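A.B. asks: The structure that follows is given in the form of structure tokens.
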Amino acid sequence: MPTRITHFLHHNDVPGSEVVGTAFNATARHTHDLNIGVAPLIAAKKNFFGIVDSIQVVLGSLAGGASTVTIRVTEDLAGNITIVPDTTATLALGIGDATIGCAVFKVQTIIRQDLAGPGNGNLYLWVKVDAGSAVFSGSQIAWQE
């Protein structure tokens, strides 16, 4: 009898108002709790384990010629243990407001959060732009178990 494999899709949205520039800033990060909306038995585990599918970043108040955004995802608040290394994408500017830019990153990475152990389900998303500044106004991490 064939085995049936079911994937459960989840997402975590974080609004923000952090100002970002051309370097990662210790206070300009979004904390994504990937245990939100997960069955209590799974959320009670000590380490997050899942497949991060995609990451969406929304930047507002683009200034000074910002045209790309670079992300990094870490499993620790200090930003020292990298899970998704620096990845850069061109910002898609808003049609109605060109001071808003978005980028979507296809990650498809299996993550087991245990190097900073024990993990708590939080992943930390950091962004920087190539020039000028922007406001890190929102992000979403979509993942599956």
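A.B. asks: In what sequence, highest mean first, do 13-22, 71-80 appear when ranked by Cβ atoms within 10 angstrom? Walk me through the numbers before you get to the answer.
C.D. replies: Details: 13-22: 15.1, 71-80: 17.6.
Result, highest mean Cβ count within 10 Å first: 71-80, 13-22.
A.B. asks: Okay, next question. Work out how much length Ala63 to Ala78 would gain on full extension: take 0.36 nm times their residue separation and subtract the Cα-Cα distance, in nm to one decimal. Each step should come with its number before you reach the end.
C.D. replies: On the way: separation 15, 0.36 × 15 = 5.40 nm, distance 2.71 nm.
The span from Ala63 to Ala78 would gain 2.7 nm if fully extended.
A.B. asks: Non-local amide H neighbours of Gly121 (under 5 Å, H modeled in plane, Pro and chain starts lacking H): which ones?
C.D. replies: The list, which skips near neighbours in sequence, is Phe48.
A.B. asks: Hey, any idea what the orientation-averaged projected area of the convex hull of region 9-144's Cα atoms comes to, in nm²?
C.D. replies: On the way: hull surface 30.3 nm².
With every direction weighted equally, the projected area is 7.6 nm².
A.B. asks: Right, something else. Would you please give the residues with an amide H less than 5 Å from that of Glu18, counting only those at least 5 places away or on a separate chain, with H modeled from the backbone geometry?
C.D. replies: Phe136
A.B. asks: Mind checking the full-extension length gain between Ala92 and Arg112? Use 0.36 nm per residue of separation minus the Cα-Cα distance, one decimal, nm.
C.D. replies: The span from Ala92 to Arg112 would gain 4.1 nm if fully extended.
Computed from the coordinates by the stated procedures, all read-outs in this text should not be read as laboratory data. Everything quoted here is computed from the prediction, not taken from an experiment. Glycine also receives a Cβ, built like all others from the backbone with ideal geometry; neighbour counts cover every protein chain displayed.
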